[in-house]
Amino acid sequence: MSPDPVSDVETAADEAERMTPDEVVAALGRERLLAAVGREVSAARDIADILDRVLEHLAGVVRFKGGSIALIDDGALGIVAARGVLDPAARDVRLPVGAGIAGWVAAHGQAYRSGDLDAETQIAPAARDVGSNKLIRSYLAVPLISRDQTLGILQIDSAEPFAFSDADQELLEAVAAQVANAVERARLHAIVQAQTRALEQQNEQLRATAEELTSQNNELRAVTEELLTQNEELLLQRRELAARAMRIEELAALAARHAAELDATIESISDGIWIVRFDGSLLVNSAARAMYGLDGLGPLEGIEDVGRLMEVSYADGRPVEQDDLPLAHALRGEHIEQRDEIVTTRATGKRTPVSVSSSPLRDASGAVIGAVSIHRDMTRFHETQQVREQLLSTVSHELRTPVTSIKGLVQLTIRRLRRDGSAERAMEGLELIEEQVNRLVSLVDDLLDVNRIDSRRLELHLDRLDLCALVRLATQRLQTTTERHQLRVQESDAPLWIIGDAHRLEQVLDNLLSNAIKYSPAGGDVEIAVRAEGEEAVVTVRDHGIGIPETDRAVLFERFGRAGNVAAHGISGFGLGLFISREIMQRHHGRLWLAASDETGSTFALALPSCQ
Ligand code: ADP
């Protein structure tokens, strides 16, 4: 179409002036045709319908027998609109682009117009297809081109030779141009519609997907909410569990503390404790281990170990069977109260008299879950008992001797006085009586001192004293009791000051000097030395008496400790002097010991802290 309609009209007018009347009519028909085609193609109708109408209009202007419009689809021409075509089967033929004349036009995008098909045997082979149809003598085909692309062809034919003129071809080409536009538009429209449909479908799918997602989302939300609820419950449970765990830990710590306290208590008890625990294991406290000397003998794992390590007997010596052990009784739910036993540790032979009590350990329901046994060491008790018995027999024996002798002397003196009334003879008797009474007094004094020592009531009255002076006085005092002994003192030049109880220190010195005299029955010298040694004041007393057998030396300072050789020499004594003297020295922070002894005599020594 020309861009300038005015000039188009002018040009048409010019041309009309040069035309014959027929030509003018024809031209007008053409113009009307094109206008009609223009209207048709711009109508919003189905393309096949449009093309039908175009052919109808064309038939009104150009005389043809058959006309059709074929469009290229998938590399082949297919007839979309046709008019006057006799062979109906031709409508369904799909002609590949390039095949036959129609195919040639479609492939090359050029028009083809035959003269007389019968005469034109030299035309392209494709023309023969049309030519072979005896009814067709003329054929005109023009390509439908839009934007340089061939979309199909517009073809007409006629049974007359040379039926189509140049003008027909031009007209057909003009119509083809409009048709091509319409086809292009229709195609675009179809594409757009297809795309729109596809989009709508996609949209539809998306909506469906969105709906599905929404419903899934809802389900997920529900699941999430449920999970959140469960999570909260779990959190609560966890918190509760954590609180319980903490409580359990606290209780465990408390139990551990109680157990530790109990262990410490059991360990600190001075009685021996044996516990059979719920698992059968044996707990023995350190007092029990020390009591029987069990340390180093390996662990005690159960009650069976008792028999392995120790021999248990009743006080009368009968063995105690394993079943009869207090712990065994307690494990059977029975109580044993203060049963006297003697336990002998097999490994060492150590013999321990004990008083045993045993009780079952029960749980809350009263079931026996173990047993506890308490062993009290009765060694000291037995020793005290022995000491008492010994004291009683010694004291009664020692008292009996002077009392008997006093009794005899009194009777003798009375008889003498009655018989001859001699006061001189009576005096002899009285002096002997006095001597025996003094012995008695001394024995009673010693016993009182032992009692004071035992009850920790030995009191000291401390003074600053010169030890040399004390020794000198004691020597003089004791020298008067003997004529067969010579007491010789070797003093230091200067006084030796000490802090002490004069009376108690005289008692110690008297004990040492009187022993030196007593245990030297043959008489002889007693050498006494007093000197300072370092920080101490030391006194030694050496006699030339009977000496002390080595085996007896350990007992001299024990109460009632006497050497074995004194009996042979008939020397009486109580064995209390050295025991009391050592106690007095210790109370003065001093020492008393046997410095030397053999068959030629003994040397006792004492030392006291000096004071300036
Ligand atoms: P007592 O002389 O009354 O027996 P002591 O306690 O004074 O008691 O002495 C204990 C024992 O020590 C004496 O029995 C004796 O066996 C021994 N003893 C003490 N002094 C001497 C000594 N100088 N020589 C030999 N033995 C002595």
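Quick one: what are the phi-derived ³J(HN,Hα) couplings along segment 338-355, Karplus 6.51/-1.76/1.60 with θ = phi - 60°, whole Hz, x for glycine and proline?
6, 8, 7, 9, 10, 10, 10, 6, 4, 5, 10, x, 5, 10, 10, x, 9, 10
Would you mind telling me the share, in percent, of accessible area of the chain contributed by carbon and sulfur at probe 1.4 angstrom?
The computed percentage sits at 54.
Just the accessible area for Thr480, please: 1.4 Å probe, Å², rounded to the nearest 10?
Only protein atoms counted, so the area is about 110 Å².
Amide H neighbours of His485 under 5 Å, at least 5 residues apart or on other chains, H built in the peptide plane: list them.
HN-HN under 5 Å from His485: Gly524.
Return the long-range amide H neighbours of Ser492 (sequence gap of 5 or more, or a different chain), with a cut-off of under 5 Å between placed amide H atoms.
Placed amide hydrogens put Val530 under 5 Å from Ser492.
Please list the non-local residues whose amide H lies under 5 Å from the amide H of Ala76, H modeled 1.01 Å from N, same-chain partners needing a gap of 5 or more.
Val97
Return the tail of the calculated pair distribution for the chain, meaning the percent of Cα-Cα pairs more than 49 Å apart.
On the way: 115395 of 186966 pairs.
Tail fraction, whole percent: 62.
Which three extents, in whole angstrom, do the alpha-carbon atoms of segment 138-229 cover along their principal axes, largest first?
For segment 138-229, the Cα extents along the three principal axes come out at 94, 24, 13 Å.
Report the full-extension gain for the segment Leu251 to Glu219: residue separation times 0.36 nm, less the Cα-Cα distance, to one decimal in nm.
That pair, Leu251 and Glu219, stretches by 6.9 nm at full extension.
What fraction of the DSSP beta bridges in the chain is antiparallel, stated in percent and rounded to the nearest 5?
Taking every DSSP beta bridge within the chain, about 95 percent pair in antiparallel fashion.
Calculate, in nm to one decimal, what Ala426 and Leu399 gain on full extension: separation in residues at 0.36 nm each, minus their alpha carbon distance.
Between Ala426 and Leu399, full extension yields 7.3 nm more.
Once the whole set of protein chains is in place, how much accessible area is left on Val489, using a 1.4 Å probe, in Å² to the nearest 10?
Its accessible surface works out to 50 Å², give or take rounding.
Per residue, how large is the accessible surface of segment 358-427? Use a 1.4 angstrom probe and give square angstrom. Intermediate results must be reported in sequence, preceding the final value.
Details: 4930 Å² over 70 residues.
Here the residues of segment 358-427 average 70 Å² of exposed surface.
Which one of Leu513, Leu465, Trp497 is farthest out on the positive end of the charge dipole of segment 462-595, using unit charges on Cβ (Lys, Arg +1; Asp, Glu -1) and the Cα centre as origin?
Leu513
Under 19 Å Cα-Cα from Lys407, which aspartates and glutamates qualify once same-chain neighbours fewer than 8 residues away are excluded?
Excluding near neighbours in sequence, the set is Glu398, Glu428, Glu431, Glu434, Glu435.
Assuming a viscosity of 0.692 mPa s and a temperature of 37 °C, what translational diffusion coefficient in µm² per second does Stokes-Einstein assign to segment 167-297, Rh being the Kirkwood radius over Cα pairs? Spell out each step's value before the answer.
Details: Rh = 25.0 Å.
In µm²/s, the coefficient is 131.
Under a Cβ-Cβ cut-off of 11 Å, what is the net charge of the residues other than Ile50 that fall near it, where Lys and Arg count +1 and Asp and Glu count -1?
-1
Between Asp525 and Asp116, what is the label-point separation in nm under the 7 Å Cα-to-beta-carbon projection?
Placing both labels 7 Å along Cα→Cβ, they lie 19.8 nm apart.
Pull up the cross-link candidates among the aspartates and glutamates for Lys518, meaning alpha carbon to alpha carbon under 13 Å and not fewer than 8 places away within one chain.
Glu483, Asp510, Asp543
Charges at C-beta only: +1 for Lys and Arg, -1 for Asp and Glu. How large is the resulting dipole of the chain about its Cα centre, in Debye rounded to 20? Could the numbers behind the result be given before it?
On the way: 65 positive and 96 negative charges, 821 e Å.
Once rounded to the nearest 20, the dipole reads 3940 debye.
Select from Val356, Thr265, Leu412 the residue farthest towards the positive end of the dipole of the chain; place +1 on Cβ of Lys and Arg, -1 on Cβ of Asp and Glu, and compute about the Cα centre.
Leu412
Note down the net charge around Val61, summing +1 for each Lys or Arg and -1 for each Asp or Glu among other residues with Cβ under 10 Å from its Cβ.
Value of the local net charge: +1.
Is segment 472-512 best put as rounded, prolate or oblate by its Cα gyration tensor, with a ≥ b ≥ c the root eigenvalues, rounded for a/c under 1.5, and otherwise prolate when a/b is larger than b/c, oblate when not?
Cα axes put segment 472-512 in the oblate bin.
How much accessible surface area, in Å² rounded to 10, belongs to the heavy atoms of Glu173 with a 1.4 Å probe?
80
Once each part is reduced to its C-alpha centroid, what is the distance from segment 512-580 to segment 181-248 in angstrom?
For segment 512-580 versus segment 181-248, the Cα centre distance is 116 Å.
Roughly how many nanometres apart are two label points built 7 Å out from the Cα toward the Cβ at Arg351 and Arg456?
It works out to 3.2 nm between the two label points.
What is the calculated FRET efficiency for Leu448 to Arg472, with r their C-beta to C-beta distance and R₀ = 25 Å, to the nearest 0.05?
Computed FRET efficiency for Leu448 and Arg472: 0.35.
What does the net charge come to around Leu473 if you take all other residues with beta carbon closer than 13 Å to its beta carbon, with K and R at +1 and D and E at -1?
Once positives and negatives cancel, what remains is -2.
The values are calculated or read from the model by the stated rules, or taken from the named source; none is laboratory data. This is a predicted model, so every value here is computed, not measured. Every residue, glycine as well, gets a Cβ built from its backbone with ideal geometry; the counts of neighbours run over all protein chains shown. The protein model used for the area step is the full one, side chains on, heavy atoms only, and it has no ligands, DNA or RNA in it. Shrake-Rupley method; radii C 1.70, N 1.55, O 1.52, S 1.80 Å.
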